[in-house]
Amino acid sequence: MALTVLIADQASKLWAVSALSDGRHMAVLSPLLELRLVYNAGAAFSFGETMTWVFAVTAAVAVFGILYAGRRLGSGGWALALGMMLGGATSHLGDRLFRAPGFAQGHVVDFIDYNGLFVGNVADIALTAGAAVIMLLALRGVPPGGHADDRPPSGK
């Protein structure tokens, strides 16, 4: 899953840079969804634009944390969720490390404009979906190591 997200995100960014770099906008579901190219130095909603290196470090920590957490997964749902999050975090880390203006200061390519509320990318969708799956698994009581039925009795 992580590799699929990484490839889809980077391929879609490559397309966006080539198709939208002239300032062109494309309506998809006007006015709710539009495609336009933005280089984001910050985090969500362009927060922290002067702290790009912090987001590079944070993405690196997230990638290594997800890899560490994924070592002992026994649940397909958790593997799916962490795979989506690993792919998104790895793609963002790649942008931060290797895109202009320089190493560990790169700007993330965003191009999916949600009615002017924010502009994101495929990695953002995967990160959000992965977090949603983790919340659902937690609400259902499914531990990362296995199914909800594997939990010890609650003592009732």
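With a/c under 1.5 counting as rounded, go ahead and sort the range 4-64 into rounded, prolate or oblate using the C-alpha gyration tensor (a ≥ b ≥ c being the square roots of the eigenvalues; past the cut-off, prolate if a/b is larger than b/c, else oblate). Don't skip to the answer; put the middle values down first.
Numbers: a/c = 2.21, a/b = 1.60, b/c = 1.38.
Prolate, because a/c is 1.5 or more and a/b exceeds b/c.
Suppose only helical runs count, i.e. DSSP H with n ≥ 4. What mean residue ellipticity at 222 nm does that imply for the chain under -39500 (n - 2.57) per run, divided by all residues and rounded to the nearest 500 deg cm²/dmol?
Numbers: 4 runs with 79 residues, N = 156.
The helix contribution divided over the chain gives -17500 deg cm²/dmol.
Shape of the range 17-96 from its Cα gyration tensor (a ≥ b ≥ c, root eigenvalues): rounded if a/c is under 1.5, otherwise prolate when a/b > b/c, or oblate? In terms of gyration-tensor shape, oblate.
When the Cα atoms of the range 1-152 are aligned to their principal axes, the ranges along those axes come out at 58, 36, 25 Å in descending order.
Among rounded, prolate and oblate, which fits the range 70-139 when a ≥ b ≥ c are the square roots of the eigenvalues of its C-alpha gyration tensor, a/c under 1.5 means rounded, and a/b larger than b/c means prolate?
Details: a/c = 3.93, a/b = 1.54, b/c = 2.55.
Verdict is oblate for the range 70-139.
Couplings for the range 15-23, taken from phi via the Karplus curve 6.51 cos²θ - 1.76 cosθ + 1.60 with θ = phi - 60°, read 4, 4, 4, 6, 8, 10, 5, 8, x Hz in order; Gly and Pro are left as x. How much net charge surrounds A79 when only the other residues with a Cβ under 13 Å from the Cβ of A79 are counted, with Lys and Arg +1 and Asp and Glu -1? Here the count lands on +2.
Projecting the Cα atoms of L3, G76, F55 onto the charge dipole of the chain (Cβ charges, centred on the Cα centre) puts G76 farthest toward the positive pole.
Bear in mind these aren't lab numbers, they're just calculated from the coordinates by the rules spelled out. What you are looking at is a predicted structure, and each value in this text was computed from that prediction instead of being measured. Glycine gets a Cβ as well: all are built from the backbone with ideal geometry, and neighbour counts include every protein chain shown.
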